[in-house]
Amino acid sequence: MPHRLRHLLGIEALTAEQITFLLDQANPLQEFQRHPLKKLATLRGKTVALAFFEPSTRTRISFATAAARLGADTMNLQAEASSLKKGESLLDTVRTLDAMKPDSIVMRHSASGSADFVAQRLEIPVINAGDGTHEHPTQALLDALTIRDHKGKLDGWNITILGDILHSRVARSNIHLLTKFGCRITLCGPGMWVPRELECLAPNIRRVPRIEEAVEGADVMIVLRVQQERINEPALAMEEYILGYQLTPERLRRARPNAIVLHPGPMIRGLEIDPGVADGPQSCVLEQVTSGLAVRMALLFVLLGGAPIDDKGFPHAAH
Ligand code: CP
(Lines give C-alpha, C1' and ligand atoms only; values in the text may rest on other atoms or scores of the structure.)
Protein backbone atom coordinates (compact mmCIF):
# COMPACT_ATOMS: atom_id res chain seq x y z
CA MET A 1 0.00 0.00 0.00
CA PRO A 2 1.49 3.40 -0.92
CA HIS A 3 2.41 5.81 1.86
CA ARG A 4 0.48 9.01 2.16
CA LEU A 5 2.43 12.05 0.97
CA ARG A 6 3.22 14.75 3.50
CA HIS A 7 5.48 16.97 1.35
CA LEU A 8 6.60 16.86 -2.26
CA LEU A 9 10.34 17.44 -2.12
CA GLY A 10 11.46 15.34 -5.07
CA ILE A 11 10.63 12.42 -7.32
CA GLU A 12 13.54 10.21 -6.23
CA ALA A 13 11.86 9.07 -2.99
CA LEU A 14 8.45 8.40 -4.56
CA THR A 15 7.28 4.97 -5.66
CA ALA A 16 5.83 4.28 -9.09
CA GLU A 17 2.53 3.64 -7.31
CA GLN A 18 2.54 7.08 -5.66
CA ILE A 19 3.37 8.73 -8.98
CA THR A 20 0.58 6.83 -10.74
CA PHE A 21 -1.80 7.88 -7.97
CA LEU A 22 -0.93 11.57 -8.47
CA LEU A 23 -1.25 11.30 -12.25
CA ASP A 24 -4.60 9.54 -11.90
CA GLN A 25 -5.80 12.36 -9.66
CA ALA A 26 -4.63 14.91 -12.25
CA ASN A 27 -6.25 13.15 -15.18
CA PRO A 28 -9.86 14.38 -14.69
CA LEU A 29 -8.53 17.84 -13.93
CA GLN A 30 -7.14 18.08 -17.49
CA GLU A 31 -10.68 18.21 -18.84
CA PHE A 32 -11.67 20.65 -16.08
CA GLN A 33 -9.23 23.26 -17.49
CA ARG A 34 -11.42 23.45 -20.62
CA HIS A 35 -14.63 23.96 -18.64
CA PRO A 36 -16.18 27.45 -18.99
CA LEU A 37 -16.49 27.80 -15.19
CA LYS A 38 -13.15 26.89 -13.66
CA LYS A 39 -13.80 27.19 -9.96
CA LEU A 40 -14.21 24.53 -7.30
CA ALA A 41 -14.75 25.05 -3.59
CA THR A 42 -12.67 22.00 -2.60
CA LEU A 43 -10.00 23.97 -0.71
CA ARG A 44 -12.14 26.93 0.33
CA GLY A 45 -10.71 28.45 3.51
CA LYS A 46 -7.21 27.06 2.86
CA THR A 47 -4.19 29.24 2.10
CA VAL A 48 -1.17 28.37 -0.03
CA ALA A 49 2.02 30.43 0.43
CA LEU A 50 4.05 30.93 -2.74
CA ALA A 51 7.69 31.65 -1.90
CA PHE A 52 9.68 32.01 -5.11
CA PHE A 53 13.22 33.16 -4.42
CA GLU A 54 14.12 32.66 -8.10
CA PRO A 55 12.32 33.93 -11.21
CA SER A 56 9.46 31.86 -12.59
CA THR A 57 6.63 32.34 -15.06
CA ARG A 58 5.05 28.91 -15.54
CA THR A 59 5.44 27.31 -12.12
CA ARG A 60 4.46 30.29 -9.97
CA ILE A 61 1.43 31.28 -12.05
CA SER A 62 0.43 27.64 -12.41
CA PHE A 63 0.43 27.07 -8.63
CA ALA A 64 -1.41 30.36 -8.03
CA THR A 65 -4.03 29.43 -10.63
CA ALA A 66 -4.30 25.85 -9.36
CA ALA A 67 -4.93 27.13 -5.82
CA ALA A 68 -7.52 29.66 -7.06
CA ARG A 69 -9.36 27.04 -9.13
CA LEU A 70 -9.64 24.88 -6.01
CA GLY A 71 -11.03 27.83 -4.04
CA ALA A 72 -7.88 28.40 -1.92
CA ASP A 73 -6.28 31.78 -1.19
CA THR A 74 -2.62 32.49 -1.85
CA MET A 75 0.01 34.65 -0.16
CA ASN A 76 2.72 35.63 -2.58
CA LEU A 77 6.28 36.48 -1.60
CA GLN A 78 7.80 38.90 -4.12
CA ALA A 79 11.48 38.13 -3.55
CA GLU A 80 12.70 41.31 -5.24
CA ALA A 81 10.45 43.51 -3.11
CA SER A 82 10.84 41.59 0.17
CA SER A 83 13.02 41.93 3.25
CA LEU A 84 15.37 39.35 1.69
CA LYS A 85 16.84 42.47 0.09
CA LYS A 86 17.62 43.75 3.60
CA GLY A 87 19.48 40.56 4.49
CA GLU A 88 16.74 38.40 6.03
CA SER A 89 17.62 34.70 5.84
CA LEU A 90 15.66 32.00 4.02
CA LEU A 91 14.64 30.41 7.33
CA ASP A 92 13.48 33.68 8.92
CA THR A 93 11.56 34.49 5.74
CA VAL A 94 9.68 31.18 5.60
CA ARG A 95 9.08 31.23 9.37
CA THR A 96 7.52 34.67 8.93
CA LEU A 97 5.23 33.35 6.20
CA ASP A 98 4.42 30.33 8.36
CA ALA A 99 3.43 32.60 11.25
CA MET A 100 0.61 33.92 9.01
CA LYS A 101 -0.74 30.36 9.12
CA PRO A 102 -0.81 29.12 5.52
CA ASP A 103 -1.78 25.47 5.03
CA SER A 104 1.11 24.74 2.65
CA ILE A 105 4.16 26.43 1.20
CA VAL A 106 5.35 26.15 -2.40
CA MET A 107 8.95 27.23 -2.71
CA ARG A 108 11.62 27.73 -5.35
CA HIS A 109 15.18 28.55 -4.37
CA SER A 110 18.60 28.51 -6.02
CA ALA A 111 20.09 26.23 -3.33
CA SER A 112 19.83 22.46 -3.86
CA GLY A 113 18.26 20.93 -0.75
CA SER A 114 16.51 24.14 0.32
CA ALA A 115 12.99 22.64 0.16
CA ASP A 116 14.10 19.72 2.33
CA PHE A 117 15.76 22.15 4.77
CA VAL A 118 12.51 24.08 5.14
CA ALA A 119 10.37 20.93 5.35
CA GLN A 120 12.40 19.77 8.35
CA ARG A 121 11.64 23.02 10.16
CA LEU A 122 7.95 23.68 9.38
CA GLU A 123 4.86 21.66 10.29
CA ILE A 124 2.96 22.39 7.05
CA PRO A 125 3.38 20.53 3.72
CA VAL A 126 6.26 21.88 1.64
CA ILE A 127 6.17 21.60 -2.16
CA ASN A 128 9.45 21.92 -4.00
CA ALA A 129 8.95 24.14 -7.06
CA GLY A 130 12.62 23.77 -8.03
CA ASP A 131 15.70 23.71 -5.76
CA GLY A 132 18.97 24.61 -7.44
CA THR A 133 20.15 21.82 -9.73
CA HIS A 134 18.52 19.13 -7.56
CA GLU A 135 14.84 18.49 -8.43
CA HIS A 136 11.73 20.04 -9.97
CA PRO A 137 9.17 17.35 -9.13
CA THR A 138 5.99 18.97 -10.44
CA GLN A 139 7.69 19.55 -13.82
CA ALA A 140 8.47 15.82 -14.06
CA LEU A 141 4.90 14.96 -13.07
CA LEU A 142 3.42 17.26 -15.70
CA ASP A 143 5.82 15.88 -18.30
CA ALA A 144 4.74 12.36 -17.35
CA LEU A 145 1.06 13.32 -17.63
CA THR A 146 1.71 14.81 -21.07
CA ILE A 147 3.52 11.65 -22.22
CA ARG A 148 0.77 9.41 -20.83
CA ASP A 149 -1.93 11.51 -22.53
CA HIS A 150 -0.21 11.25 -25.90
CA LYS A 151 1.02 7.70 -25.78
CA GLY A 152 -1.60 6.03 -23.63
CA LYS A 153 0.93 4.78 -21.07
CA LEU A 154 4.17 5.80 -19.39
CA ASP A 155 6.05 2.52 -19.44
CA GLY A 156 8.94 1.46 -21.61
CA TRP A 157 9.54 4.44 -23.91
CA ASN A 158 12.84 5.60 -25.39
CA ILE A 159 13.34 9.06 -23.93
CA THR A 160 16.13 11.37 -25.09
CA ILE A 161 17.10 14.32 -22.91
CA LEU A 162 19.05 16.90 -24.86
CA GLY A 163 21.18 19.85 -23.79
CA ASP A 164 22.47 21.27 -20.50
CA ILE A 165 21.79 18.26 -18.29
CA LEU A 166 24.38 19.00 -15.60
CA HIS A 167 22.54 22.12 -14.39
CA SER A 168 19.03 20.79 -14.93
CA ARG A 169 16.75 19.89 -12.01
CA VAL A 170 14.13 19.06 -14.64
CA ALA A 171 16.44 16.40 -16.11
CA ARG A 172 17.09 14.86 -12.68
CA SER A 173 13.43 14.67 -11.75
CA ASN A 174 12.51 13.27 -15.17
CA ILE A 175 15.28 10.65 -14.99
CA HIS A 176 14.06 9.51 -11.56
CA LEU A 177 10.44 9.40 -12.67
CA LEU A 178 10.73 7.81 -16.09
CA THR A 179 13.18 5.08 -15.07
CA LYS A 180 10.72 3.97 -12.35
CA PHE A 181 8.45 3.08 -15.29
CA GLY A 182 11.07 1.18 -17.26
CA CYS A 183 11.85 3.93 -19.76
CA ARG A 184 15.28 3.93 -21.40
CA ILE A 185 17.02 7.29 -21.08
CA THR A 186 19.53 8.69 -23.56
CA LEU A 187 21.44 11.79 -22.49
CA CYS A 188 23.08 14.00 -25.10
CA GLY A 189 24.82 17.36 -24.89
CA PRO A 190 28.25 18.93 -24.69
CA GLY A 191 30.59 16.60 -22.75
CA MET A 192 31.04 19.00 -19.81
CA TRP A 193 27.26 19.12 -19.32
CA VAL A 194 26.71 15.36 -19.50
CA PRO A 195 29.14 13.96 -16.94
CA ARG A 196 29.56 10.19 -16.48
CA GLU A 197 28.09 10.40 -12.92
CA LEU A 198 24.62 11.01 -14.40
CA GLU A 199 24.57 7.36 -15.48
CA CYS A 200 24.53 6.41 -11.78
CA LEU A 201 21.26 8.27 -11.05
CA ALA A 202 19.12 5.30 -12.11
CA PRO A 203 19.20 2.18 -14.28
CA ASN A 204 18.79 2.30 -18.09
CA ILE A 205 20.71 5.51 -18.70
CA ARG A 206 23.23 5.93 -21.51
CA ARG A 207 25.23 8.92 -22.71
CA VAL A 208 25.55 9.53 -26.43
CA PRO A 209 27.85 12.25 -27.80
CA ARG A 210 26.25 12.80 -31.24
CA ILE A 211 22.76 14.23 -31.52
CA GLU A 212 21.95 12.16 -34.62
CA GLU A 213 22.48 8.95 -32.65
CA ALA A 214 20.60 10.32 -29.61
CA VAL A 215 17.51 11.20 -31.64
CA GLU A 216 17.44 7.89 -33.58
CA GLY A 217 14.43 5.83 -32.46
CA ALA A 218 13.34 8.23 -29.70
CA ASP A 219 9.69 8.19 -28.64
CA VAL A 220 10.01 11.37 -26.60
CA MET A 221 12.52 14.21 -26.93
CA ILE A 222 12.99 16.42 -23.88
CA VAL A 223 14.89 19.54 -24.90
CA LEU A 224 16.48 21.63 -22.15
CA ARG A 225 17.40 25.28 -21.90
CA VAL A 226 21.05 26.26 -21.59
CA GLN A 227 21.02 27.60 -18.02
CA GLN A 228 23.34 30.59 -18.33
CA GLU A 229 22.55 31.64 -14.74
CA ARG A 230 24.06 28.42 -13.31
CA ILE A 231 27.03 28.01 -15.65
CA ASN A 232 30.48 28.48 -14.14
CA GLU A 233 32.41 26.61 -16.81
CA PRO A 234 33.56 28.37 -19.99
CA ALA A 235 30.42 28.42 -22.13
CA LEU A 236 30.35 26.77 -25.53
CA ALA A 237 30.12 29.35 -28.31
CA MET A 238 26.48 29.75 -29.30
CA GLU A 239 27.21 28.82 -32.93
CA GLU A 240 28.98 25.66 -31.78
CA TYR A 241 26.03 24.69 -29.58
CA ILE A 242 23.54 25.25 -32.40
CA LEU A 243 25.64 23.24 -34.81
CA GLY A 244 26.10 20.34 -32.40
CA TYR A 245 22.95 20.15 -30.31
CA GLN A 246 20.03 22.22 -31.60
CA LEU A 247 16.94 20.11 -32.26
CA THR A 248 16.02 20.91 -35.87
CA PRO A 249 13.18 19.47 -38.01
CA GLU A 250 15.79 17.56 -40.01
CA ARG A 251 17.28 15.95 -36.90
CA LEU A 252 13.83 15.21 -35.45
CA ARG A 253 13.04 13.08 -38.52
CA ARG A 254 15.39 10.44 -37.09
CA ALA A 255 13.04 9.91 -34.12
CA ARG A 256 10.05 7.55 -34.27
CA PRO A 257 7.34 8.99 -36.59
CA ASN A 258 4.93 9.66 -33.70
CA ALA A 259 7.61 11.02 -31.36
CA ILE A 260 6.67 14.02 -29.24
CA VAL A 261 8.85 16.97 -28.20
CA LEU A 262 8.77 18.42 -24.69
CA HIS A 263 10.51 21.51 -23.34
CA PRO A 264 10.00 22.70 -19.74
CA GLY A 265 10.37 26.36 -20.79
CA PRO A 266 11.44 29.01 -20.94
CA MET A 267 12.57 28.12 -24.48
CA ILE A 268 15.40 29.97 -26.13
CA ARG A 269 14.24 29.70 -29.73
CA GLY A 270 17.03 29.38 -32.22
CA LEU A 271 19.48 28.11 -29.58
CA GLU A 272 18.47 24.70 -28.17
CA ILE A 273 15.38 24.36 -30.36
CA ASP A 274 14.57 25.42 -33.92
CA PRO A 275 11.26 27.36 -34.16
CA GLY A 276 10.11 24.78 -36.73
CA VAL A 277 10.24 22.14 -33.98
CA ALA A 278 8.98 24.40 -31.17
CA ASP A 279 5.85 25.25 -33.19
CA GLY A 280 5.67 22.00 -35.15
CA PRO A 281 3.05 19.24 -34.97
CA GLN A 282 5.14 17.11 -32.59
CA SER A 283 5.62 19.90 -30.04
CA CYS A 284 3.73 19.52 -26.74
CA VAL A 285 5.13 22.65 -25.12
CA LEU A 286 1.80 24.38 -24.49
CA GLU A 287 0.06 21.14 -23.54
CA GLN A 288 2.73 20.75 -20.87
CA VAL A 289 1.59 24.07 -19.38
CA THR A 290 -2.04 22.89 -19.24
CA SER A 291 -0.97 19.54 -17.77
CA GLY A 292 0.92 21.53 -15.13
CA LEU A 293 -2.30 23.09 -13.89
CA ALA A 294 -3.96 19.68 -13.56
CA VAL A 295 -0.96 18.20 -11.76
CA ARG A 296 -0.66 21.11 -9.33
CA MET A 297 -4.39 21.13 -8.59
CA ALA A 298 -4.19 17.39 -7.89
CA LEU A 299 -1.15 17.82 -5.67
CA LEU A 300 -2.65 20.65 -3.61
CA PHE A 301 -5.84 18.63 -3.31
CA VAL A 302 -3.93 15.59 -2.03
CA LEU A 303 -1.59 17.45 0.34
CA LEU A 304 -4.17 19.82 1.77
CA GLY A 305 -6.73 17.09 2.35
CA GLY A 306 -9.53 18.42 0.19
CA ALA A 307 -11.61 15.23 0.47
CA PRO A 308 -12.31 12.26 2.74
CA ILE A 309 -9.51 9.71 3.03
CA ASP A 310 -10.22 6.32 1.48
CA ASP A 311 -9.23 2.92 2.85
CA LYS A 312 -5.81 3.17 1.20
CA GLY A 313 -5.05 6.38 3.07
CA PHE A 314 -5.69 8.62 0.08
CA PRO A 315 -8.33 11.27 -0.52
CA HIS A 316 -11.03 10.44 -3.06
CA ALA A 317 -10.63 11.81 -6.60
CA ALA A 318 -11.29 15.50 -7.15
CA HIS A 319 -14.09 15.13 -9.66
N1 CP B 1 9.43 25.06 -16.29
C2 CP B 1 9.62 26.03 -15.38
O3 CP B 1 9.99 25.77 -14.24
O4 CP B 1 9.38 27.29 -15.84
P5 CP B 1 9.42 28.60 -14.94
O6 CP B 1 10.88 28.82 -14.58
O7 CP B 1 8.88 29.70 -15.81
O8 CP B 1 8.61 28.36 -13.72
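The values are calculated or read from the model by the stated rules, or taken from the named source; none is laboratory data. Remember, it's a predicted structure, so these values are computed and weren't measured experimentally. Counting neighbours? That spans all protein chains shown, and the Cβs are built from the backbone with ideal geometry, glycine included. Each accessible area value is taken on the protein alone, full model and side chains, heavy atoms only, with ligands, DNA and RNA left out. Shrake-Rupley method; radii C 1.70, N 1.55, O 1.52, S 1.80 Å.
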For the stretch 173-248, inverting the pair-averaged 1/r of distinct alpha-carbon atoms gives a Kirkwood value in Å of 13.5 Å
Answer in debye to the nearest 20: the dipole magnitude of the chain about its Cα centre, from +1 Lys/Arg and -1 Asp/Glu charges placed on Cβ, is 620 debye
A correct Karplus calculation of ³J(HN,Hα) over the stretch 201-213, with 6.51 cos²θ - 1.76 cosθ + 1.60, θ = phi - 60°, whole Hz and x for Gly and Pro, returns 5, 6, x, 6, 10, 10, 10, 10, x, 9, 4, 4, 5
Long-range amide H partners of Met75, meaning residues 5 or more apart or on another chain whose placed amide H is closer than 5 Å, are Val48, Ala49, Leu50
Beyond 14 Å, the calculated P(r) of the stretch 1-81 holds a percent of Cα-Cα pairs equal to 72 percent
Percent antiparallel among DSSP beta bridges confined to the stretch 1-150, nearest 5, equals 5 percent
accessible surface per residue for the chain, probe 1.4 Å, DNA/RNA/ligands not counted, whole Å² -> 43 Å²
Length gained, Arg256-Glu88, 0.36 nm per residue minus C-alpha separation, equals 55.4 nm
Amide H neighbours of His136 at under 5 Å, excluding residues fewer than 5 places away on the same chain, with H built from the backbone geometry, are Ser173
Counting only residues 5 or more apart in sequence or on a different chain, those whose built amide H sits under 5 Å from that of Ala129 are Met107, Arg108
The correct pair for the stretch 69-128, radius of gyration to one decimal and Dmax as a whole number, both in Å and from Cα atoms, is 11.6, 35
A 1.4 Å probe over the protein heavy atoms gives the stretch 169-228 a carbon and sulfur accessible-area percentage of 48 percent
Working note, the chain: Cα radius of gyration (Å, one decimal) and Dmax (Å, whole number) are 19.3, 57
Looking only at aspartates and glutamates whose Cα falls under 17 Å of Lys101's and that sit 8 or more positions away or on another chain, we get Asp73, Asp92, Glu123
